[in-house]
Every structure is written in C-alpha cells, then in structure tokens.
Amino acid sequence: DLPSDLRETLALPGLKDGWIDRNIFHDPRIYDLELERIFKRCWLFLAHTSQLSDPGSYITTLMGRDNVIVVRDQDGQIRAYLNTCPHRGNLLVRPDRGSSNSFICPYHRWTFSLDGKLINMHEKEAFERSPGFDASQLGLRPVAQVATYKGLVFGTLDEEAPSLDEYFGGFTFLLDALLDNDPGGTEFLPGSVRSIIHCNWKEGPLNFVCDALHAQPTHVSGSRAMLPRQVPRLGAPDAKSYQARVNGHGWEWSEEYPLGNAATLNAPSVMEYLRQRQKQFEQRLGLDRAKMVAALSSANAFPHASFLPGVNSIRVWQPMGPHRTLLQTFVLVNRNAPKEVKRAWRTGNQLTFNVTGTFEPDDVANWEGVNVSHNGPASRSHPLYGGLAMGTRTTHPGFPKDLNLEVSAGQISDENFRGYLQRYSELMLSPTWPRAENRRSAAQAHDQSSSEKEGR
Ligand code: FES
Ligand code: FE
C-alpha cells in the first residue's frame, strides 16, 4: 500500500548492521504517515490524574495533530474527546486547563455536558423543528480508549489497539521506580513549560531512550556550573549499568547506591528526603529497582513520553511538522513529599532540563544542528550510525526471570536506540495494528540477525 521507495526506507534494512536512513527524520510523506500509523494508533501520554483532581477539571493537549480535551466527569471518571465542535468544527476549548460544568462552543454556543452529550445550543427550538435533527448523534467524539497507570493517563485513537497493559508489557516494572516508590503516589506540580524545537519529533525520544553517550561531552559545561562533580564516565569497564527495552519503550540507567546520582539536582533537601526513604524504596520495589529511583538515567515510553528519574521531569515531544517539535515539560513529585522538597525539585528542573536551564539548551543546539544537516540532500544520502554494542544481551541478576524485557549490559550502547527504531519500523509498515504474533516474529528476526553477526 506504500510507494516502494517509502517501504524500503521504512523497513530500515541497515538497522541490523547499525545503519539508519536519515530520511525518516526528513521526508514529509513519512511525517504524514507517522501521524496515521504512530500517533493515531499508539497509546499516548495525556495527563496526570492530579491535573484532573475534581469533577469538571480538564486539560487540553495533543494526540499527534489532533487537539483533545481530557476531563474528569461528574461521576469521577476520566474521559477524553476530540477538541472539535461537531457543528462546524470549531476548536471547542482554548485554555490549557480549567474547570467547568460544561463546554460551550464560542461560535454558535453548542453546549456539551462533561460526558460529551449535546445539551443546549443557540436557537435550540429551530434545531428541534428541523427534520432529521438528532442531538444524540451530535455529541463530542470520544478518544477510543483511555486508561491510567499509577497516576499517568494515556489514550489511544485506535479501537483495535491492545490494552495499555499489553502495550507496556514489562515496561511498567521499570516505571514503578518512578511512580510507585512512595505509598502516597505522585502528582504533577502545577503548570508546565512549552517550547518549540526546530527538529524532528523523534530526536528527543531517541536521546532519552538510549543516549547516555552524550551526557559527558554535551553537558560538560552545564555540569561544571550545576553539579557538585562532573558527569561520571559511564563507559568505565567496572560501571554497573544497563539498558532495558520492550515494545519500543526503553530505560537506561547506572547503579550507584546509595543514591549518589540524585545529586544531579545538587539540592540538599532532595538528597536528604531520598536518603531517609532508602529502606522504604527497597521494601516497596526490591533493592534493584530502589537503585533506579534517582539513578543517573533516562527513559522513554513509545512513542514520545520521556522520563528523567532523579530530576523528576516528564517531557512529551509533540510533532508539529517534519522539522518542528513542541516540547511539553512537567515536574513529577511524590504527593507526600514536604513542600520544600517539592520546591527544590521544581527549581532543579528550572535550572537544568528547561529552556532557562543549563542542560536543555545544549541538547536542543545539537538536535537543531542535526536538523540543519538533514536538510542537505547530499548529507542526507549518508546513513547515520547506531551500531554501538550490538547484540550485547544479558539478564539483570535481580529481575524476575519471566519478565517481558530485553536487557543489555552497559549504558554506553545503542541497543535501546535500535529497539525503538525496530518497533517504529514495524508500526510504520503495518496498515493494521501488528498482532502479538507479528511482534514476536519481528523480535525473533532481530535476534537472528544479532546471532548471525556474532557467529552464534
Ligand atoms: Fe461550534 Fe457552531 S461550530 S457551535
Ligand atoms: Fe542531554
């Protein structure tokens, strides 16, 4: 169903040897197909339940290029709708967040209840006299599936998508280090920061799913300014570090315990808070995941929600065109943390991974540089290299054996990068949701190519 040149690019034939065709970051046809096959199908991050604390509280956000409203209804249920009026299609709700008993379209005052029903409009009687008019057919269009995982709300526009549980697989085992290390759960601090980056939306996810390699060279000046010490050398032979992935989601982390790495914030109150709770983390999560609570690490939920444990930032990379990305940044904290600790986390975010911070502008300068060179047809004809540490599979000694996760040793590795792109390729080539057996066979194909390479 795709032109042959597109199908060949999207099959990423070089990936088995670590080569990536740059056109996936550039071609407008590929971008359009991503909106259909990634953003209209995958489970996408929408909100934190703390942003929807009471009946009527809502936020507006994006699912690909579709605007959506996420709201807690009168019965306490979280619902999501396309943010478009079924009358003439106006954008229904403009603010980023608010609280309301109903949604009123400013164009002709069609009014919708929180459960999406059309309940009123200007010149109501004229509509009611009009032959064929049926208000029950003119409610808000719901997002096909909405589900929460430990405070995070996700939605998919695809009725055929697997459940959120199946979509995440073993990734939730890792997510719990961030979302479930305290009995009070988590919340978002109020507000978020939005910024525009002139690059393809995949630069951020690919950096967060994998790229510990850049931490030292890119952030050397930021870390001199902000940290009590330099970013450690993560590739040292004795460094205990891992990458883990499943279904395109990935986490990479180094084990330094007790909690040395949380010092990325250089905030004594945060360090003290974490140190006091070390035993609690171990009891709730086990020692191995307790080591991940504030480790030097990063993660990405496919396709575009990234996590920075320790800094406690959640960042979502929204596609705004092949070469333009809207970055939304939120600060996640434990709900029961003392006020001064929450404040320190917010300040830590503002000083580091923020448009006003020391680290983010360095990342953005690199991604925008990448984008500049992808614009050149000669530059673009040369593939990129992502072959570091190919096929270095291992098992994590402390993780359950039957966990649905691929683990590799070493943070300095492109294993998660390739895992992300393999999943990307599979979804982009498949006109329908890939079935579980197809997913398995893609993974087997990848395994086979790794073993051939190693002569196993
Ligand atoms: Fe919304 Fe007419 S477009 S009421
Ligand atoms: Fe960075």
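The values are calculated or read from the model by the stated rules, or taken from the named source; none is laboratory data. In this text, all values refer to a predicted model and were calculated from it rather than measured experimentally. Here the Cβ is made from the backbone with ideal geometry for all residues, glycine too, and neighbour counts use every protein chain on show.
Could you check segment 1-26 and list, in sequence order, the residues that are surrounded by fewer than 19 Cβ atoms within 10 Å (Cβ to Cβ), out of contact with any His (no Cβ under 9 Å at 6 or more places or on another chain) and touching a residue at least 40 places away in the same chain (Cβ under 8 Å)?
If the condition is that a residue be surrounded by fewer than 19 Cβ atoms within 10 Å (Cβ to Cβ), out of contact with any His (no Cβ under 9 Å at 6 or more places or on another chain) and touching a residue at least 40 places away in the same chain (Cβ under 8 Å), then Asp1, Leu2, Arg7, Ala11, Gly14, Asp17, Gly18, Trp19 are the ones that fit.
With Lys202, Lys124, Lys150 as the choices, which residue is among the basic types (Lys, Arg) and touching a Ser or Thr at 6+ places or on another chain (Cβ under 8 Å)?
Values: Lys202 fails: touching a Ser or Thr at 6+ places or on another chain (Cβ under 8 Å); Lys124 fails: touching a Ser or Thr at 6+ places or on another chain (Cβ under 8 Å).
Every option except Lys150 fails the conditions.
Given the structure, is Ser195 of a type in the set (S, T, N, Q), within 15 Å of ligand 2 (Cβ to nearest atom) and not in a helix (DSSP H, G or I)?
Criteria met by Ser195.
Considering only residues that are more than 22 Å from Phe208 (Cβ to Cβ), in a loop (DSSP other than H, G, I, E, B) and of a type in the set (Gly, Ala, Ser), which ones fall in segment 366-394?
Of everything in segment 366-394, those that are more than 22 Å from Phe208 (Cβ to Cβ), in a loop (DSSP other than H, G, I, E, B) and of a type in the set (Gly, Ala, Ser) turn out to be Gly376, Ser381, Gly391.
Taking segment 139-165 as the search range and keeping residues that are assigned to a loop (DSSP other than H, G, I, E, B) and acidic (Asp, Glu), which one is farthest from Leu52 (Cα to Cα)?
Looking at the filtered set, the residue picked out is Glu160.
From the list Pro95, Pro106, Pro131, which one is surrounded by fewer than 18 Cβ atoms within 10 Å (Cβ to Cβ) and within 16 Å of Ala47 (Cα to Cα)? Lay out the reasoning, then the answer.
Numbers: Pro106 fails: within 16 Å of Ala47 (Cα to Cα); Pro131 fails: within 16 Å of Ala47 (Cα to Cα).
Of the residues listed, the single one that is surrounded by fewer than 18 Cβ atoms within 10 Å (Cβ to Cβ) and within 16 Å of Ala47 (Cα to Cα) is Pro95.
Please verify whether Gly398 is more than 16 Å from ligand 1 (Cβ to nearest atom), touching a residue at least 40 places away in the same chain (Cβ under 8 Å) and farther than 26 Å from His304 by Cβ, treating the condition exactly as stated.
Working: more than 16 Å from ligand 1 (Cβ to nearest atom): yes; touching a residue at least 40 places away in the same chain (Cβ under 8 Å): yes; farther than 26 Å from His304 by Cβ: yes.
Spelling it out, Gly398 is indeed more than 16 Å from ligand 1 (Cβ to nearest atom), touching a residue at least 40 places away in the same chain (Cβ under 8 Å) and farther than 26 Å from His304 by Cβ.
Since Leu138 meets every condition but one in (1) under 30 Å from Leu332 (Cα atoms); (2) surrounded by 14 or more Cβ atoms within 10 Å (Cβ to Cβ), which condition does it not meet?
(1)
Here is a check on your reading of the model: is Pro183 closer than 25 Å to Asn300 by Cα, in the same structural domain as Ser298 (by TED's automatic domain parsing), away from ligand 1 (no atom under 16 Å from the Cβ) and assigned to a loop (DSSP other than H, G, I, E, B)?
Working: closer than 25 Å to Asn300 by Cα: yes; in the same structural domain as Ser298 (by TED's automatic domain parsing): yes; away from ligand 1 (no atom under 16 Å from the Cβ): yes; assigned to a loop (DSSP other than H, G, I, E, B): yes.
Criteria met by Pro183.
Please state which one of Gly391, Gly376, Gly369 is more than 20 Å from the chain's Cα centre (by Cα) and within 16 Å of ligand 2 (Cβ to nearest atom). It would help to see each step written out before you state the result.
Working: Gly391 fails: within 16 Å of ligand 2 (Cβ to nearest atom); Gly376 fails: within 16 Å of ligand 2 (Cβ to nearest atom).
Exactly one of Gly391, Gly376, Gly369 is more than 20 Å from the chain's Cα centre (by Cα) and within 16 Å of ligand 2 (Cβ to nearest atom), namely Gly369.
Kindly establish whether Asn83 is surrounded by 22 or more Cβ atoms within 10 Å (Cβ to Cβ) and either more than 20 Å from the chain's Cα centre (by Cα) or in the same structural domain as Met390 (by TED's automatic domain parsing) (or both). Reasoning before the result, please.
Numbers: surrounded by 22 or more Cβ atoms within 10 Å (Cβ to Cβ): yes; either more than 20 Å from the chain's Cα centre (by Cα) or in the same structural domain as Met390 (by TED's automatic domain parsing) (or both): yes.
Against the criterion (surrounded by 22 or more Cβ atoms within 10 Å (Cβ to Cβ) and either more than 20 Å from the chain's Cα centre (by Cα) or in the same structural domain as Met390 (by TED's automatic domain parsing) (or both)), Asn83 qualifies.
Filter segment 347-365 for residues that are part of a loop (DSSP other than H, G, I, E, B) and of a type in the set (Ser, Thr, Tyr) and give the result. Show your work before the answer.
Taking segment 347-365 and keeping what is part of a loop (DSSP other than H, G, I, E, B), we get 352-359.
Thr352, Thr356, Thr358 - these are the residues of segment 347-365 that are part of a loop (DSSP other than H, G, I, E, B) and of a type in the set (Ser, Thr, Tyr).
Within the group Ala290, Ala365, Ala301, which residue is at pLDDT 95 or above, buried (at least 23 other Cβ atoms within 10 Å of the Cβ) and aliphatic (A, V, I, L, M)? Walk me through how you get there before you give the answer.
Working: Ala290 fails: at pLDDT 95 or above; Ala365 fails: buried (at least 23 other Cβ atoms within 10 Å of the Cβ).
After applying the criteria, what remains is Ala301.
Quick one: is Ala212 within 12 Å of ligand 2 (Cβ to nearest atom) and in contact (Cβ under 8 Å) with a residue 24 or more places away in the chain? Quick ask: steps written out before the conclusion?
Details: within 12 Å of ligand 2 (Cβ to nearest atom): yes; in contact (Cβ under 8 Å) with a residue 24 or more places away in the chain: yes.
Answer is yes for this residue.
Can you tell me which residue in segment 114-128 is surrounded by the fewest Cβ atoms within 10 Å (Cβ to Cβ), limited to those that are aliphatic (A, V, I, L, M), more than 11 Å from ligand 1 (Cβ to nearest atom) and not in a helix (DSSP H, G or I)? Reasoning before the result, please.
Within segment 114-128, the subset aliphatic (A, V, I, L, M) is 114, 118-119, 121, 126.
So of that shortlist, the ones also more than 11 Å from ligand 1 (Cβ to nearest atom) come out as 114, 119, 126.
Filter again for not in a helix (DSSP H, G or I), leaving 114, 119.
On the way: Leu114: 23, Ile119: 14.
The qualifying residue surrounded by the fewest Cβ atoms within 10 Å (Cβ to Cβ) is Ile119.
Counting only residues that are in a loop (DSSP other than H, G, I, E, B) and under 15 Å from Val246 (Cα atoms), which one in segment 404-433 is modelled with the highest pLDDT? Walk me through it before giving the result.
So in segment 404-433, the residues in a loop (DSSP other than H, G, I, E, B) come out as 404-405, 410-414, 430-433.
Then keep just the ones that are under 15 Å from Val246 (Cα atoms); that gives 404-405, 414.
Values: Asn404: 86, Leu405: 93, Asp414: 96.
Ranking the qualifying residues of segment 404-433, first place goes to Asp414.
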